[in-house]
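Chemist: Before we start, here is the structure in question, set down as structure tokens.
Computed from the coordinates by the stated procedures, all read-outs in this text should not be read as laboratory data. Owing to the predicted nature of the structure, the values given are computational and were not obtained by experimental measurement. For neighbour counting, all protein chains shown are included, and Cβ atoms are generated from backbone atoms with ideal geometry for every residue, glycine included.
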């Protein structure tokens with residue numbers, strides 16, 4: 001982060017024709033964008049929403065309300081422009097890139113074996129890393145993967161404790177029995193992989209998924225390149241949680257676009273010390289909540305860059 | 001409201017390629033727009049943000065952190081394009097209209113006399129009413145008036161009780177002594193006008209302000225013309241509260257764009273049975289929070305109108 005750019009942005013905010021602080025989080029995110037873009041007047045001209053898709057062996061445990069083939073069907077729907085994220089990317093003025101990670105080949109069922117080998121995990125991380133280039137003004141993450149709220153809850157349980165019941169939710173809409181199957185699968189996974197639970201990256205490989213690993217890689221690349229990072233829902237937050245666990249500063253370049261209706265998300269954001277911008281009861285994934293939040297960033301940047309100062313406008317300020 | 005359009009919109013939502021309900025409030029506002037626009041596929045092509053400005057005699061009681069002349073200065077800033085609302089209207093794709101109501105002539109100081117005579121009140125209501133035409137897809141309200149959080153808190157106290165301390169807040173930034181002066185002025189106003197406190201419209205005339213009366217008129221016109229109404233912050237909510245007090249259904253065409261950081265706003269929205277879309281810590285007025293919320297409406301409409309159905313996309317739904 002560029003402290004000087006952040007200071008200059010904060011100083012500019014205090015000259016604009018409004019009571020200081022009265023734009024609330026719009027001021028905060030303008031300064032955050034300034035810090036990570038390294039300029040006092042941030043811009044949002046080149047934005048990318050990256051949606052990673054993956055398939056999950058743990059679906060064999062009956063953890064989802066939708067059949068596993070929906071992942072590939074939804075990738076086709078993204079390509080055809082028919083999904084929510086297609087519409088939301090257009091409204092936000094962001095490029096949408098969808099990156100399927102061997103969707104035809106599910107990860108291992110983590111109740112039986114590691115979801116990914118180290119090589120498979122690193123390959124997925126690298127795919128995500130390569131999706132973020134240094135010329136972006138913002139990258140926004142999303143995902144698609146039937147079964148991946150179970151995967152995400154497994155990561156959250158392994159990294160932050162509290163038992164699976166604290167982290168499981170209804171995902172695409174499982175009933176009470178399905179919710180119980182999710183918790184049971186996660187507890188089985190934690191037992192099977194108990195020897196590696198103190199290593200966040202091995203947790204991500206053993207209990208995670210390819211699209212989650214790719215989001216972790218994208219978050220690393222964003223940090224490396226100084227690109228502000230916008231997170232979406234529960235799965236996105238869980239995907240980058242291993243980085244936070246390794247280094248509490250690792251997500252300083254990230255803002256949570258929203259808190260979803262998925263049960264574990266609010267607690268996960270608290271664990272990650274992230275304050276969501278929006279709370280609209282969304283629980284779709286695909287990067288949809290973050291995409292809506294991009295519009296808030298546009299509003300913030302427009303005010304920051306476009307407003308007149310008290311001096312320019314001839315308005316009396318309250319020190320007069 | 002058009003029940004048939006709302007039913008058709010709700011039915012359409014349940015065919016789209018997402019778990020039912022997973023777009024949360026985006027689904028809800030799409031159906032709300034459908035109901036009040038009277039069409040299953042709502043649109044947001046013609047939107048107007050109307051900002052009413054007025055001056056307040058109660059500023060003589062030392063209730064604001066800014067001098068009273070700032071109201072006129074900010075009207076000039078709106079005209080020059082330098083205020084927050086100018087930038088936010090552009091981002092939202094909405095026309096901005098600023099309507100000053102005799103800004104050079106403050107209302108009466110309500111601690112001493114009625115803020116407005118009945119004729120003055122009705123004239124301001126008519127100005128607001130005339131600002132909303134039937135061809136609009138949405139009208140969004142805002143205001144500017146140094147002293148008007150005191151006016152708004154006076155209305156809230158008179159209409160909903162609980163004492164002035166429950167409703168006063170720091171407005172543009174008064175200190176503790178200023179906060180106490182606000183509450184004292186309001187209690188004095190309620191005592192002076194105690195004989196009319198059971199009549200919501202006479203309350204609006206005696207304790208309100210011209211820009212608040214105009215917003216009340218605009219809300220009436222929106223209802224008459226079937227135009228969805230987006231409310232901004234504490235002052236906007238207080239302005240339309242007399243209508244709710246007269247008839248609890250009178251604001252069924254309204255959505256609260258946000259809950260502001262002004263202390264009394266959350267309680268006022270609860271009293272009005274409105275759930276805010278956004279909570280961004282904003283407290284500027286000018287219609288700024290509602291303007292940011294328009295972007296959420298764009299997102300909602302884009303998904304509602306643009307997404308593919310399960311059948312169109314060949315995606316298995318969870319009843320399969």
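Chemist: Taking residue A:175 in one copy and the same position in all the others, each labelled 7 Å out along Cα→Cβ, what are the pairwise distances from the first, in nm, shortest first?
Modeler: Reported distances to equivalent positions: 6.4 nm.
Chemist: Going by C-beta contacts inside 10 Å, put B:116, B:144 in order with the fewest on the left.
Modeler: Placing the least packed residue first, the sequence is B:116, B:144.
Chemist: Distances from residue A:195 to the same residue in each other copy, label points 7 Å out along Cα→Cβ, in nm, shortest first?
Modeler: So the distances to the same position in the other copies read 8.9 nm.
Chemist: So if the hydrodynamic radius of chain A is defined as the Kirkwood radius over C-alpha pairs, what does Stokes-Einstein give as its diffusion coefficient at 10 °C and 1.306 mPa s, in µm² per second?
Modeler: In µm²/s, the coefficient is 80.
Chemist: Please report, for the Cα atoms of the range A:54-197, the Rg to one decimal and the Dmax as a whole number; what are they, in angstrom?
Modeler: 16.2, 47
Chemist: With an 8 Å cut-off on Cα pairs and a minimum separation of 6 or more residues, tell me the relative contact order of the range A:220-309 in percent. Intermediate values should be presented prior to the final figure.
Modeler: Working: 117 pairs, mean separation 26.6, N = 90.
Relative contact order here is 30 percent.
Chemist: Separate question: Counting only other chains, and only Cβ atoms inside 10 Å, what mean value do you get across the residues of B:69-81?
Modeler: Values: counts 3, 7, 0, 1, 6, 5, 0, 3, 8, 2, 0, 4, 4.
Across B:69-81, the average partner-chain Cβ count within 10 Å equals 3.
Chemist: Relative contact order for the range A:45-296: what percent, with Cα pairs under 8 Å and sequence separation of 6 or more? Show your work: numbers first, answer last.
Modeler: Values: 567 pairs, mean separation 67.6, N = 252.
Dividing the mean separation by the residue count of the range A:45-296 yields 27 percent.
Chemist: Take peptide B:25-36, look around each residue's Cβ out to 10 angstrom, count Cβ atoms belonging to other protein chains, and average those counts.
Modeler: Neighbouring Cβ atoms belonging to other protein chains average 2 per residue here.
Chemist: Right, next: How many Cβ atoms of partner chains, on average, are near each residue of B:270-283 if near means within 10 Å of its Cβ?
Modeler: Mean number of neighbouring Cβ atoms from other chains: 4.
Chemist: Let me ask something additional. What spacing in nm lies between the two simple spin-label points modelled at residue B:46 and residue B:225, each 7 Å away from Cα in the Cβ direction?
Modeler: In this crude label model, residue B:46 to residue B:225 measures out at 0.8 nm.
Chemist: Please work out how much length the chain gains when fully extended from residue B:187 to residue B:97, using 0.36 nm per residue of separation minus the C-alpha to C-alpha distance, in nm with one decimal.
Modeler: 29.0 nm
Chemist: What is the fewest-to-most order of A:17, A:157 by other Cβ atoms lying within 10 Å of their Cβ?
Modeler: Least to most surrounded, the residues fall as A:17, A:157.
Chemist: So, one more: Report the normalised scattering of the range B:33-103 as log10 I(q)/I(0) at q = 0.11, 0.15, 0.24 Å⁻¹, calculated by the Debye formula with identical scatterers on the alpha carbons.
Modeler: Values returned for q = 0.11, 0.15, 0.24 Å⁻¹ are -0.41, -0.64, -1.05.
Chemist: Within a 10 angstrom radius of the beta carbon, how do A:85, A:146 rank from fewest other beta carbons to most?
Modeler: Lowest count first: A:146, A:85.
Chemist: Compute the angle between helix A:70-80 and the longest alpha-carbon principal axis of chain A, please, reported from 0 to 90 degrees and rounded to the nearest 10.
Modeler: That helix lies at roughly 40 degrees to the long axis.
Chemist: To continue, here is another question. Hey, how many Å between the Cα centroid of the range B:1-70 and the Cα centroid of the range B:146-219?
Modeler: Result: 25 Å between the Cα centres.
Chemist: At q = 0.05, 0.06 Å⁻¹, what is the log10 ratio I(q)/I(0) for the protein assembly as shown, with the Debye formula run over Cα points and no solvent?
Modeler: Here the Debye-derived log intensity ratios amount to -0.24, -0.34.
Chemist: Given the rule -39500 (n - 2.57) for each run of at least 4 DSSP H residues, summed and divided by the residues of the protein assembly as shown, what is its mean residue ellipticity at 222 nm, to the nearest 500 deg cm²/dmol? Don't jump to the answer; show the numbers that get you there.
Modeler: Details: 26 runs with 308 residues, N = 640.
Per the formula, -15000 deg cm²/dmol.
Chemist: I'd like the orientation of helix B:176-192 relative to chain B: the angle between its Cα long axis and the longest Cα principal axis, in ° from 0 to 90, rounded to 10.
Modeler: 80
Chemist: Nearest beta-carbon of A to the rotation axis carrying it onto B: which residue, how many whole Å?
Modeler: Chain A residue with minimal Cβ-axis distance: A:295, 2.
Chemist: In addition: How far is residue B:79 from itself in the other copies, in nm, if each label sits 7 Å out from Cα along the Cα-Cβ line, shortest first?
Modeler: Result for residue B:79, in nm, nearest copy first: 5.8.
Chemist: Something else: Tilt of helix B:118-130 relative to the longest C-alpha principal axis of chain B, in degrees (0 to 90, nearest 10)?
Modeler: Result, in degrees: 30.
Chemist: Next up: For the range B:1-131, count all C-alpha to C-alpha pairs, find those more than 19 Å apart, and express that count as a whole percent of the total.
Modeler: Everything past 19 Å amounts to 66 percent.
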